[in-house]
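What follows draws every value from the coordinates through simple rules; no lab data is involved. Please read all numbers here as calculations on a predicted model, not as lab measurements. Cβ placement follows ideal geometry from the backbone for every residue including glycine, while neighbour counts extend to all protein chains displayed.
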């Protein structure tokens, strides 16, 4: 999935969340969005998901200008994006397995293959034994892996991970990073927001540094 | 998956779901009773309307010639179908037959205390008015005139009042049911806002997230109408023999199952409509993303 931000500005009232930001993410890239809180990392992810519209500028995903895209086109794009939210956002009264079912049902995954696909992703993230538990019954690390399983289940072209390591210990952090690296090597584009210097240093990937809504450094 | 989600919503808030089904059931219980009572009243009315009769009770001591003269005079009216003379003895026989299980009542009565009468059946009910008015003036021959017009008018009044009250009650409860379902669906949407938002971010279209709530409203209508119909019908069928005995010889409660299923079909459609429209307003108002 190719993403192009062209002079994108986003204001929330008088607050300037993004200021004239331009960058390109090519298919198969692993991009780190780095910056302190309020730098605009989450705003970029929300813009990619079309949760919010830019105040000015254009965002293009696979040659489609999503700034003026129709609802149906946006829904189609979202079905190709696996999201790992900062607080995971698993549905509380659905089991881990049902959360994955839901994601697969939304993309119209063949009904007869849903169970097989669920088994596959749960095994990949090591949560097979936790499949019938509710989010409130598992640890933070397991929640993180469940969110990853939901994101992976739809075989996305792009994974957006919004500070997914913020609530877990070092071991779980590195397990997730390793899994994301593996998925990226298989051809999936990954955009990861973080402010963890260890991750930035050890990954050595393309890094976009943000501060006060502007790109201060782009190592791409 | 959509049915699973709908069932999930219902199961996760059982008290709200119970209230919605209960109020729907009450509404359709009232509607079923109202239909059954209206149908019974219409049978009563039909019975009296199709029996256009006037009974002239004669004074005691009339001569045979005078009685024959009355009969001749009655047969001269256009539209008279049948004139039946009930002598004192015949009246006594009828009385005995009607009270055969109560010997106390028959022992004390003799043919002499019962009046003789003419039962006049007509093909055109309008002629009843004329006979009644002509003979009410002949006080020396006629003791009393029993004319069913008053009874029919009284039944019509009762029937109309029952219909009016029924319509008001059913409409009020239906509106109440509508707003209860609307309120419950709205509350459920509010409590599942996060789930709806996450589903939308995962690529679900607007209809996908609305569908379980719409189906939930339809379920309340469907299940509520069934329960209401069943709870009204079961006791009615159970007591139908007693009710019909009370109205004998009129059949107040039909034993026509096709009629009951027609009511059920009609109520099912109304229930689905109320449930769907109520939940539609709920999702339209609260799911805006």
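Please determine whether any residue of region A:130-147 is outside any loop (DSSP other than H, G, I, E, B), touching a strand residue (DSSP E or B) at 6+ places or on another chain (Cβ under 6 Å) and within 21 Å of residue A:184 (Cβ to Cβ).
Within region A:130-147 (the criterion being outside any loop (DSSP other than H, G, I, E, B), touching a strand residue (DSSP E or B) at 6+ places or on another chain (Cβ under 6 Å) and within 21 Å of residue A:184 (Cβ to Cβ)), the answer is yes, since at least one residue qualifies.
For residues in region A:105-119 being away from every other protein chain (no Cβ under 12 Å) and in contact (Cβ under 8 Å) with a residue 24 or more places away in the chain, which is surrounded by the fewest Cβ atoms within 10 Å (Cβ to Cβ)?
The selected residue is A:117.
Residue by residue through region A:61-97, note down the ones that are under 16 Å from the mean Cα position of the chain (by Cα) and part of a loop (DSSP other than H, G, I, E, B).
Once the filter is applied, which keeps residues that are under 16 Å from the mean Cα position of the chain (by Cα) and part of a loop (DSSP other than H, G, I, E, B), region A:61-97 yields A:79, A:80, A:85, A:86, A:87, A:88, A:89, A:90.
Testing residue B:59 on (1) surrounded by fewer than 18 Cβ atoms within 10 Å (Cβ to Cβ); (2) out of contact with any strand residue (DSSP E or B) (no Cβ under 8 Å at 6 or more places or on another chain), one condition comes back false. Which one is that?
For residue B:59, the failing item is (2).
For residues that are within 14 Å of another protein chain (Cβ to nearest Cβ) and surrounded by fewer than 21 Cβ atoms within 10 Å (Cβ to Cβ), tally how many sit in region B:209-261.
Within region B:209-261, residues that are within 14 Å of another protein chain (Cβ to nearest Cβ) and surrounded by fewer than 21 Cβ atoms within 10 Å (Cβ to Cβ) number 2.
In region B:16-33, is there at least one residue being within 14 Å of chain A (Cβ to nearest Cβ), surrounded by fewer than 18 Cβ atoms within 10 Å (Cβ to Cβ) and at negative phi?
no
Step by step: first the residues of region A:64-84, then only those that are more than 9 Å from every other protein chain (Cβ to nearest Cβ) and without any contact (Cβ under 8 Å) to a residue 60 or more places away in the chain, then the one that is surrounded by the most Cβ atoms within 10 Å (Cβ to Cβ). Which residue is that?
A:66
Condition test on residue B:198, is it within 30 Å of residue A:161 (Cβ to Cβ), touching a residue at least 12 places away in the same chain (Cβ under 8 Å), assigned to a helix (DSSP H, G or I) and within 14 Å of chain A (Cβ to nearest Cβ)?
no
Applying the selection to region A:46-56, what residues are under 17 Å from residue A:25 (Cα atoms) and either buried (at least 21 other Cβ atoms within 10 Å of the Cβ) or in contact with a helix residue (DSSP H, G or I) (Cβ under 8 Å, 6 or more places away or on another chain) (or both)?
A:47, A:48, A:49, A:50
I'd like to check which helices (runs of 4 or more DSSP H) are fully inside region B:33-145 and have at least 3 residues that are touching a helix residue (DSSP H, G or I) at 6+ places or on another chain (Cβ under 6 Å).
Qualifying helices (runs of 4 or more DSSP H): B:88-98.
Within region A:152-185, count every residue that is under 22 Å from residue A:77 (Cα atoms), touching a residue at least 12 places away in the same chain (Cβ under 8 Å) and not in a helix (DSSP H, G or I).
Counting residues in region A:152-185 that are under 22 Å from residue A:77 (Cα atoms), touching a residue at least 12 places away in the same chain (Cβ under 8 Å) and not in a helix (DSSP H, G or I) gives 10.
State all residues of region A:91-119 that are out of contact with any helix residue (DSSP H, G or I) (no Cβ under 8 Å at 6 or more places or on another chain) and farther than 19 Å from residue B:6 by Cβ; if no residue qualifies, say none.
A:107, A:110, A:112, A:113, A:115, A:116
Given the conditions (1) surrounded by 17 or more Cβ atoms within 10 Å (Cβ to Cβ); (2) more than 14 Å from chain A (Cβ to nearest Cβ), which single one is not true for residue B:175?
Tallying (1) surrounded by 17 or more Cβ atoms within 10 Å (Cβ to Cβ); (2) more than 14 Å from chain A (Cβ to nearest Cβ), residue B:175 fails exactly one: (1).
Looking at this structure, is residue A:135 buried (at least 23 other Cβ atoms within 10 Å of the Cβ), at negative phi and more than 11 Å from chain B (Cβ to nearest Cβ)?
No.
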